[in-house]
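Beneath this line is the structure, given in structure tokens, with notes to follow.
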């Protein structure tokens with residue numbers, strides 16, 4: 001009887017394996033290559049710490065100077081012209097003490113008239129166009145065995161409704177609605193290497209066409225988050241290293257760069273339709289030089305171009321083209 | 001008859017003059033050598049190689065950092081009076097590290113620095129660099145831990161390990177600002193500019209310089225200069241506490257090559273430099289630094305002048321790896337052309353180079369020194385250079401060599 005059962009189990013296993021293999025071959029392994037184009041433009045921009053997309057075709061680059069309350073702004077317009085400017089456009093809120101401070105995580109609401117921040121004390125604040133600032137609440141907690149200091153999330157994710165998401169204490173997700181000014185703690189926790197839950201922070205995010213948000217964590221996990229059903233799927237860690245430096249969604253594939261600040265940036269692609277990762281390896285310039293500096297932002301334009309900004313003294317803008325290799 | 005005699009005498013004088021000149025010229029050709037004394041570095045400290053790490057201490061001893069690929073580099077001391085060597089630092093012994101191969105503290109490459117109190121500063125780096133095939137620096141808990149900074153006090157014989165300056169990167173370059181008590185290095189391979197504060201024991205990282213200069217130069221304002229990205233000299237100004245990129249504007253013949261050796265001039269107004277394969281000795285004019293006329297990707301510019309060909313007898317190119325400013329204000333450097341090592345001297349007043357001769361080792365005519373890696377000068381003008389184990393014919397042992405009082409006093413010019 002047992003023998004018969006074993007044979008049945010073995011048969012089931014073989015059938016299962018066959019379909020797994022079939023599925024793999026049918027989907028095919030991803031096969032992308034990367035072309036990184038250094039963008040020379042006057043004046044030379046160093047140490048762009050953040051690229052921000054206004055949603056109307058304009059991209060701003062933030063170039064802070066010490067002591068983080070002043071700096072330069074570059075503008076990439078819809079026709080890819082790049083110029084240095086002093087101010088955002090009039091309808092866009094600018095708070096210099098926020099945007100040039102590298103210790104503050106910030107974003108606009110969808111009207112561009114409010115700036116929402118997460119500061120080094122773990123406090124969420126909102127800055128209004130009329131010059132007022134208001135504390136929304138404290139979301140971060142002290143790390144174990146340390147009396148001071150917080151590791152705050154480095155990114156806000158935004159859904160199609162304009163709700164903002166970031167992670168607070170122990171990697172729990174918080175949702176903030178800039179219209180209703182309501183802050184909710186969701187019962188969803190970002191993954192972390194066991195024992196490192198207190199360090200689980202949100203470092204990068206990108207939204208796909210179907211409204212799902214892909215989150216990158218400090219420990220290097222990628223998470224698929226559905227803001228409607230408030231569910232989360234841990235997709236795993238594409239790289240051995242910590243940190244997801246930046247994520248972007250282009251043609252409904254998730255393109256990411258990860259790696260530690262002192263290490264090397266490495267790229268990967270996640271294809272939601274096949275649920276496969278492709279690990280691309282280190283980044284090289286067109287003259288085959290290894291890129292040593294971390295990436296701070298990836299932005300996709302309406303023309304499906306990816307702009308990347310690399311940190312560091314000689315960090316500058318890159319245009320990243322992902323091409324599918326012919327099989 | 002009288003006229004005939006006079007004519008005969010004139011002809012005679014002319015003939016003998018001609019013979020004399022030919023003899024002199026032949027003699028010049030034959031004796032175009034410069035001799036040095038050789039002091040081999042003890043075998044336990046190396047496996048045949050070493051780099052810019054050589055300097056004379058205030059105690060008159062020569063401090064030499066070695067390369068010991070795959071194992072532990074040493075800082076050794078040569079006493080010119082007793083001609084004996086001492087082992088000062090065994091990098092693995094003092095750091096308690098046991099790395100092998102790529103993960104070992106295999107080189108004291110950075111210039112040895114001497115503080116005004118006589119303390120010797122030295123720093124290590126990885127050997128057998130393989131940054132393309134094994135690029136996990138900065139990320140791996142194993143692998144090369146990073147270069148250590150050491151100090152040695154000759155008065156107390158105490159060595160202090162000041163720790164790793166930058167995780168999983170080696171330490172190179174090296175200039176000291178004795179007034180501000182700061183030491184400047186850069187990290188390899190990420191080329192970050194590092195400032196170590198001797199008083200506070202703290203380190204600052206100003207980010208990448210974009211270049212890998214083996215020599216850096218410091219002037220009396222405390223400004224530090226090094227080779228940056230191609231065609232660029234970086235400058236750190238301690239008054240503004242900023243790192244600048246200066247595009248090089250070339251004046252004179254030939255093409256600009258990024259310098260390998262850089263030394264500050266006696267009057268602190270120029271930097272003398274030479275490059276591997278460079279056709280000319282370079283003079284960077286520090287008074288020409290300006291920030292108004294800059295290229296798009298730099299902060300300003302600096303003028304580099306080519307006055308004299310770097311090689312002997314008008315020969316261009318050659319391998320120029322080691323140089324030092326002599327006590328006479330001239331720039332002494334080696335140039336290996338067609339596997340022949342020449343000792344060259346550049347006189348900044350005359351704007352001319354002179355070949356002092358093919359380098360030969362005294363009492364060892366069978367040895368062929370080839371590549372010098374590092375040089376230092378003593379107060380009496382004596383120049384020490386470090387030669388790696390290489391050469392055609394009988395292999396020269398890894399040694400320091402001495403050119404006794406070569407750069408003392410006034411320069412005698414043959415040209």
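The values are calculated or read from the model by the stated rules, or taken from the named source; none is laboratory data. Everything numeric in this text was worked out from a predicted model, so none of it was measured. Note that we place each Cβ from the backbone using ideal geometry, even for glycine, and neighbour counts take in every protein chain shown.
What is the residue count in segment B:101-151 for residues that are on the phi > 0 side of the Ramachandran plot and either in contact with a helix residue (DSSP H, G or I) (Cβ under 7 Å, 6 or more places away or on another chain) or at pLDDT 90 or above (or both)?
Pass one, segment B:101-151, residues on the phi > 0 side of the Ramachandran plot: B:101, B:118, B:128, B:138, B:143, B:146.
Narrowing the set further to residues that are either in contact with a helix residue (DSSP H, G or I) (Cβ under 7 Å, 6 or more places away or on another chain) or at pLDDT 90 or above (or both) leaves B:118, B:128, B:143, B:146.
Total meeting the criteria: 4.
If I go through segment A:102-130 residue by residue, how many of them are over 19 Å from residue A:55 (Cβ atoms) and not in a strand (DSSP E or B)?
Counting residues in segment A:102-130 that are over 19 Å from residue A:55 (Cβ atoms) and not in a strand (DSSP E or B) gives 9.
For segment A:186-210, name all the residues that are assigned to a helix (DSSP H, G or I) and either in contact with a strand residue (DSSP E or B) (Cβ under 8 Å, 6 or more places away or on another chain) or touching a residue at least 60 places away in the same chain (Cβ under 8 Å) (or both). Quick ask: steps written out before the conclusion?
In the first step, residues of segment A:186-210 are kept if they are assigned to a helix (DSSP H, G or I); the result is A:197-199.
A:197, the sole residue that qualifies.
Only one residue in B:241, B:188, B:205 is free of Cβ contacts under 8 Å to residues at least 12 places away in the same chain and within 14 Å of chain A (Cβ to nearest Cβ), so which one is that?
Numbers: B:188 fails: free of Cβ contacts under 8 Å to residues at least 12 places away in the same chain; B:205 fails: free of Cβ contacts under 8 Å to residues at least 12 places away in the same chain.
Just one listed residue meets the conditions, B:241.
Just for segment B:75-100: of the residues that are at negative phi and part of a loop (DSSP other than H, G, I, E, B), which one is surrounded by the most Cβ atoms within 10 Å (Cβ to Cβ)?
Taking segment B:75-100 first, the residues at negative phi are B:75-82, B:84-95, B:97-100.
Adding the requirement that they be part of a loop (DSSP other than H, G, I, E, B) leaves B:80-82, B:97-100.
On the way: B:80: 17, B:81: 7, B:82: 9, B:97: 18, B:98: 9, B:99: 20, B:100: 12.
Selected residue: B:99.
If residue A:96 passes every condition in (1) touching a strand residue (DSSP E or B) at 6+ places or on another chain (Cβ under 8 Å); (2) touching a residue at least 40 places away in the same chain (Cβ under 8 Å) but one, which one does it miss?
(2)
Going by what's in this entry, would residue B:250 be described as more than 19 Å from the chain's Cα centre (by Cα), part of a strand (DSSP E or B), touching a residue at least 40 places away in the same chain (Cβ under 8 Å) and away from chain A (no Cβ under 14 Å)?
Numbers: more than 19 Å from the chain's Cα centre (by Cα): yes; part of a strand (DSSP E or B): yes; touching a residue at least 40 places away in the same chain (Cβ under 8 Å): yes; away from chain A (no Cβ under 14 Å): yes.
Judged against the criteria, residue B:250 is a match.
Confirm whether residue B:355 is closer than 18 Å to residue B:32 by Cβ and crowded, with 16+ Cβ neighbours inside 10 Å. Break it down into steps so the answer makes sense when it comes.
Details: closer than 18 Å to residue B:32 by Cβ: yes; crowded, with 16+ Cβ neighbours inside 10 Å: yes.
Spelling it out, residue B:355 is indeed closer than 18 Å to residue B:32 by Cβ and crowded, with 16+ Cβ neighbours inside 10 Å.
Being part of a strand (DSSP E or B) and modelled with pLDDT of 95 or more is the filter here; which residues of segment A:137-162 pass it?
A:157, A:158
Provide a single number: the residues in segment B:208-226 that are within 14 Å of chain A (Cβ to nearest Cβ) and either in contact with a strand residue (DSSP E or B) (Cβ under 6 Å, 6 or more places away or on another chain) or at pLDDT 95 or above (or both).
First, pick out the residues of segment B:208-226 that are within 14 Å of chain A (Cβ to nearest Cβ): B:208-212, B:226.
Next cut, either in contact with a strand residue (DSSP E or B) (Cβ under 6 Å, 6 or more places away or on another chain) or at pLDDT 95 or above (or both) only: B:208-209, B:211, B:226.
Of the residues in that region, 4 qualify.
Check whether at least one residue in segment B:219-226 is closer than 25 Å to residue B:309 by Cβ and in the same structural domain as residue B:289 (by TED's automatic domain parsing), and report yes or no. First the steps, then the outcome.
Kept after step one, since they are closer than 25 Å to residue B:309 by Cβ, are these residues of segment B:219-226: B:225-226.
Checking which are in the same structural domain as residue B:289 (by TED's automatic domain parsing) leaves us with B:225-226.
Looking for residues that are closer than 25 Å to residue B:309 by Cβ and in the same structural domain as residue B:289 (by TED's automatic domain parsing), one finds at least one in segment B:219-226, hence yes.
Can residue B:163 be described as modelled with pLDDT of 95 or more, surrounded by fewer than 16 Cβ atoms within 10 Å (Cβ to Cβ), more than 12 Å from every other protein chain (Cβ to nearest Cβ) and assigned to a loop (DSSP other than H, G, I, E, B)? Can you show your working first?
Values: modelled with pLDDT of 95 or more: yes; surrounded by fewer than 16 Cβ atoms within 10 Å (Cβ to Cβ): yes; more than 12 Å from every other protein chain (Cβ to nearest Cβ): yes; assigned to a loop (DSSP other than H, G, I, E, B): no.
So residue B:163 does not fit the description; no.
To keep it simple, each residue is scored yes or no on (1) modelled with pLDDT under 90; (2) within 14 Å of another protein chain (Cβ to nearest Cβ); (3) in contact with a strand residue (DSSP E or B) (Cβ under 7 Å, 6 or more places away or on another chain).
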| site | (1), (2), (3) |
| --- | --- |
| A:233 | no, no, yes |
| A:242 | no, yes, no |
| A:255 | no, no, yes |
| A:270 | no, no, yes |
| A:288 | yes, yes, no |
| A:309 | yes, no, yes |
| A:319 | yes, no, yes |
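Please state which one of A:282, A:274 is more than 13 Å from the chain's Cα centre (by Cα), within 14 Å of another protein chain (Cβ to nearest Cβ) and modelled with pLDDT under 95.
On the way: A:274 fails: within 14 Å of another protein chain (Cβ to nearest Cβ).
Checking each option against the conditions leaves just A:282.
Can you find a residue that is surrounded by fewer than 17 Cβ atoms within 10 Å (Cβ to Cβ) and under 29 Å from residue B:212 (Cβ atoms) anywhere in segment B:365-385?
Looking through segment B:365-385, none of the residues is surrounded by fewer than 17 Cβ atoms within 10 Å (Cβ to Cβ) and under 29 Å from residue B:212 (Cβ atoms).
Do we have residue A:263 as in a strand (DSSP E or B), within 14 Å of chain B (Cβ to nearest Cβ) and closer than 24 Å to residue B:130 by Cβ here?
When the stated conditions are applied, residue A:263 does not pass them.
Do the conditions hold for residue B:273, that is, is it surrounded by 24 or more Cβ atoms within 10 Å (Cβ to Cβ), part of a strand (DSSP E or B), at negative phi and within 21 Å of the chain's Cα centre (by Cα)?
Details: surrounded by 24 or more Cβ atoms within 10 Å (Cβ to Cβ): yes; part of a strand (DSSP E or B): yes; at negative phi: yes; within 21 Å of the chain's Cα centre (by Cα): yes.
Criteria met by residue B:273.
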